[in-house]
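A.B. asks: I am attaching a structure below and will ask some questions about it afterwards.
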Amino acid sequence: MRKLRFDKYRLMELLAPVLGFLASIVVLLIIAAIVGETPGNAIRAIFKFTVSNASRLASVFSVAIPLFISGLAVAIAFRAGVFNIGVEGQYFIGGLVGALAGIYLPLPKVIHLPVVVLAAMAGGALWAAIPAVLKITKGIHEVISTIMFNNIGFALVNFLVNGPLSGRGEASLEPQTRKILPTALFGKLNHWFQAIGLNVPNHVYLDYSLIVAILMGVLAYILLFRLRFGFEIRAVGTSIDVSHYAGVRVKSVQLGVFLISGAVAGLVGMQEIFAIRGHYTFEIASGLGFDGIAIALIGRNSPVGVVFSAILFAFLKQAGYGLQLYTSVPNSIIYIITGLMIIFIVVINEIVTRYIRALRKKEAA
């Protein structure tokens, strides 16, 4: 009977994000009606551009790859109560370090691919290390330091790619590094999907970054829920004071989780750099780090939850393009819907949490 009650409460907790998403969709349809578009046309446009065929669905999963890695990086830090708001800068620096390994290290492909992945992780961890050390030694709050390091990171890669690392030999309006060696480029997995009957066209990038994302997700789950260090991470995130009394070295845990989060963050731009562009530019997609914060929150800082949250965000991004192409609803509306969805999920989750707490008190009485 006790297990049944636990399952009931767990189900209620899992329904909170679903209710938040449904509420945001209702608001989307209302906004569509206000701007003069019928809800039916809006739904058809979203369906047509997201899940109408294998190509559209594959595009959603392709967009979800960097979103998942970003959300995972934030979620790992959040688990220890560390607010890594610097994922944005960490993946710019990590991507550059990985690209340099792909440009200047002539290695066999079987070695080169893991080397560039590890190099990107090292770059992200290095950029996270400075705010981490400032936090545990000087008590400087990581929200402030990581936001500042985002700006410093942007300026640094701008200077390097426009200057000493430029592949054009001079300042340019479109600065970039030299081309990455073919042995370091991420090949596509489309033919594997086509072999099992899924018609994924070649213009959709389902590449080795998908394997990297899956591997990072599995390792994060093992770290958080199967290792002693993961238990310490979750303990520190629950209560620093209790962790101190239990003998957990809180500062060591915070430093370690910060570096791990930065290492994962360094992989966010891998798909764009190593599969799509084939070179590094500081004009790679920005904003993914901040998307990762929302993805981690909606995914409840769980690697499994972040999977579904990232797919949801990718779905919304593609839905925005569909609305822009096939209806009079502007794409900017999707940003409003995303923000409202986060608010709805947070509010509904708080209501559900309080309701569960009240039920448990009633049962205990």
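The values are calculated or read from the model by the stated rules, or taken from the named source; none is laboratory data. Predicted, not measured: the structure shown is a model, and the values here were computed from it. Counting neighbours? That spans all protein chains shown, and the Cβs are built from the backbone with ideal geometry, glycine included.
A.B. asks: Tally the residues that are under 30 Å from residue 277 (Cβ atoms) and surrounded by 13 or more Cβ atoms within 10 Å (Cβ to Cβ), restricting the search to region 202-255. Steps first, answer last, please.
C.D. replies: Within region 202-255, the subset under 30 Å from residue 277 (Cβ atoms) is 202-220.
Subset that is surrounded by 13 or more Cβ atoms within 10 Å (Cβ to Cβ): 204-214, 216-217, 219-220.
Within region 202-255, residues that are under 30 Å from residue 277 (Cβ atoms) and surrounded by 13 or more Cβ atoms within 10 Å (Cβ to Cβ) number 15.
A.B. asks: Of the residues 278, 299, 266, which single one is touching a residue at least 24 places away in the same chain (Cβ under 8 Å) and surrounded by fewer than 20 Cβ atoms within 10 Å (Cβ to Cβ)? Don't jump to the end; show me each part of the working.
C.D. replies: Details: 299 fails: surrounded by fewer than 20 Cβ atoms within 10 Å (Cβ to Cβ); 266 fails: surrounded by fewer than 20 Cβ atoms within 10 Å (Cβ to Cβ).
Selected residue: 278, the only one of 278, 299, 266 that is touching a residue at least 24 places away in the same chain (Cβ under 8 Å) and surrounded by fewer than 20 Cβ atoms within 10 Å (Cβ to Cβ).
A.B. asks: Return the pair list, or none, for Cβ contacts closer than 8 Å from residues in region 180-205 that are over 29 Å from residue 105 (Cα atoms) to residues that are surrounded by 11 or more Cβ atoms within 10 Å (Cβ to Cβ) and among the β-branched types (Val, Ile, Thr), at least 6 apart or on different chains.
C.D. replies: 193/200; 194/200
A.B. asks: Also, I was wondering about something else. Quick check: is even one residue across region 287-296 under 27 Å from residue 96 (Cα atoms), among the aromatic types (Phe, Trp, Tyr), surrounded by fewer than 22 Cβ atoms within 10 Å (Cβ to Cβ) and touching an Asp or Glu at 6+ places or on another chain (Cβ under 9 Å)?
C.D. replies: Scanning region 287-296 turns up at least one residue that is under 27 Å from residue 96 (Cα atoms), among the aromatic types (Phe, Trp, Tyr), surrounded by fewer than 22 Cβ atoms within 10 Å (Cβ to Cβ) and touching an Asp or Glu at 6+ places or on another chain (Cβ under 9 Å).
A.B. asks: Given the condition more than 14 Å from residue 29 (Cα to Cα), of a type in the set (Phe, Trp, Tyr), assigned to a helix (DSSP H, G or I) and more than 16 Å from the chain's Cα centre (by Cα), answer yes or no: does some residue in region 319-326 qualify?
C.D. replies: yes
A.B. asks: Can you tell me how many residues in region 60-81 are buried (at least 24 other Cβ atoms within 10 Å of the Cβ) and either at pLDDT below 95 or part of a loop (DSSP other than H, G, I, E, B) (or both)?
C.D. replies: Number satisfying all stated conditions: 1.
A.B. asks: Which of the residues that make up region 86-117 are assigned to a loop (DSSP other than H, G, I, E, B) and crowded, with 24+ Cβ neighbours inside 10 Å? Walk me through how you get there before you give the answer.
C.D. replies: Of all residues in region 86-117, those assigned to a loop (DSSP other than H, G, I, E, B) come to 86, 105-108.
Result: 86, single match.
A.B. asks: Based on what the data block shows, is residue 54 over 17 Å from residue 272 (Cβ atoms) and at pLDDT below 95?
C.D. replies: Details: over 17 Å from residue 272 (Cβ atoms): yes; at pLDDT below 95: yes.
Yes; evaluated as a whole, the condition is true for this residue.
A.B. asks: When the residues of region 165-219 are filtered to those that are of a type in the set (D, E, K, R) and either in contact with a strand residue (DSSP E or B) (Cβ under 8 Å, 6 or more places away or on another chain) or assigned to a helix (DSSP H, G or I) (or both), which remaining residue is nearest to residue 74 (Cα to Cα)?
C.D. replies: Initially, region 165-219 is screened for residues of a type in the set (D, E, K, R), giving 168, 170, 174, 178-179, 188, 207.
If we keep only those that are either in contact with a strand residue (DSSP E or B) (Cβ under 8 Å, 6 or more places away or on another chain) or assigned to a helix (DSSP H, G or I) (or both) too, we end up with 188, 207.
Values: 188: 27, 207: 23 Å.
If we take residues in region 165-219 being of a type in the set (D, E, K, R) and either in contact with a strand residue (DSSP E or B) (Cβ under 8 Å, 6 or more places away or on another chain) or assigned to a helix (DSSP H, G or I) (or both), then 207 is nearest to residue 74 (Cα to Cα).
A.B. asks: A further question follows. Quick one: how many residues across region 239-251 are free of Cβ contacts under 8 Å to residues at least 60 places away in the same chain and in a helix (DSSP H, G or I)? Full working, then the answer.
C.D. replies: Let us first name the residues in region 239-251 that are free of Cβ contacts under 8 Å to residues at least 60 places away in the same chain, namely 239, 241-250.
Retained after the next criterion (residues that are in a helix (DSSP H, G or I)): 241-245, 250.
Of the residues in that region, 6 qualify.
A.B. asks: So which of 162, 151, 158 ends up being farther than 24 Å from residue 263 by Cβ, among the polar types (S, T, N, Q) and in the same structural domain as residue 99 (by TED's automatic domain parsing)?
C.D. replies: Details: 151 fails: farther than 24 Å from residue 263 by Cβ; 158 fails: farther than 24 Å from residue 263 by Cβ.
Going through 162, 151, 158 in turn, the sole match is 162.
A.B. asks: What do you reckon, is residue 152 modelled with pLDDT of 95 or more, among the hydrophobic types (A, V, I, L, M, F, W, C), part of a helix (DSSP H, G or I) and closer than 20 Å to residue 99 by Cβ? Let's see the steps before the verdict.
C.D. replies: Details: modelled with pLDDT of 95 or more: yes; among the hydrophobic types (A, V, I, L, M, F, W, C): yes; part of a helix (DSSP H, G or I): yes; closer than 20 Å to residue 99 by Cβ: yes.
Yes: the conditions hold for residue 152.
A.B. asks: Residue 273 is checked against (1) over 14 Å from the mean Cα position of the chain (by Cα); (2) in a loop (DSSP other than H, G, I, E, B) and fails just one. What number does that condition carry?
C.D. replies: Failed condition: (2).
A.B. asks: Go through (1) of a type outside the set (D, E, K, R); (2) surrounded by fewer than 20 Cβ atoms within 10 Å (Cβ to Cβ); (3) in contact with a strand residue (DSSP E or B) (Cβ under 7 Å, 6 or more places away or on another chain) and name the single condition residue 271 misses.
C.D. replies: All conditions are met except number (2).
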